[in-house]
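S.K.: Below is the structure I would like to discuss, written out as structure tokens.
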Amino acid sequence: AVEVAAYRIALEAMTNTARHAHATEATVRVSLDGTLNLEISDNGTGLPVAYRAGVGIRSMRERAAELGGHVSIEPGTTAGTLIRATIPLESS
């Protein structure tokens with residue numbers, strides 16, 4: 001379930017980058033430390049000031065939450081958007 005959620009979250013994040021961000025680059029990082037940590041960043045236009053979460057963003061959050069994790073979406077460090085998902089590897 002963790003692998004499927006991580007795949008779907010990364011896929012949705014990259015789909016949003018391709019559709020909306022006008023980015024020329026996107027990066028996916030995965031790390032493990034008792035949880036699966038997923039970061040998807042792009043160099044695109046970033047989120048509008050008054051953005052509303054659509055179906056894709058809600059589905060990323062729901063997938064992580066179903067497994068006890070969470071997703072955050074924030075401006076990138078220099079441009080674009082940074083999406084972080086954390087999903088526990090073992091259920092509590």
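S.K.: For the pair residue 7/residue 90, report the inter-label distance in nm, with labels modelled 7 Å from Cα in the Cβ direction.
M.R.: It works out to 2.5 nm between the two label points.
S.K.: Is there a quick way to get the dipole size of the chain? I mean about its Cα centre, with the Cβ of Lys and Arg at +1 and of Asp and Glu at -1; what is the value in debye to the nearest 20?
M.R.: Its charge dipole is roughly 300 debye.
S.K.: Once label points are set 7 Å from the Cα along Cα→Cβ at both residue 25 and residue 62, what is their separation, rounded to one decimal in nm?
M.R.: 3.5 nm
S.K.: For helix 55-66, what angle does its Cα long axis make with the longest principal axis of the chain, in degrees from 0 to 90 and rounded to 10?
M.R.: 20 degrees
S.K.: If the viscosity is 1.002 mPa s and the temperature 20 °C, what translational diffusion coefficient in µm²/s does Stokes-Einstein give for the chain when Rh comes from Kirkwood over Cα pairs?
M.R.: 163 µm²/s
S.K.: Loop only by DSSP, 15 or fewer other Cβ within 10 Å of the Cβ. Give me the GluC sites (Glu not before Pro) in segment 1-87 that pass, ordered by residue number.
M.R.: Sites meeting the loop and neighbour criteria: 25.
S.K.: Let me ask something else about it. From the P(r) of segment 47-92, could you give the percentage of C-alpha pairs in the tail past 15 Å?
M.R.: 50 percent
S.K.: Pick from 13, 79, 50 the residue whose mean-square fluctuation is largest in a GNM of the chain, springs joining Cα atoms under 10 Å.
M.R.: 50
Computed from the coordinates by the stated procedures, all read-outs in this text should not be read as laboratory data. Note that the structure is predicted; figures quoted are calculated from it, not measured. As a convention, Cβ positions derive from the backbone with ideal geometry for all residues, glycine included, and neighbour counts pool all protein chains shown.
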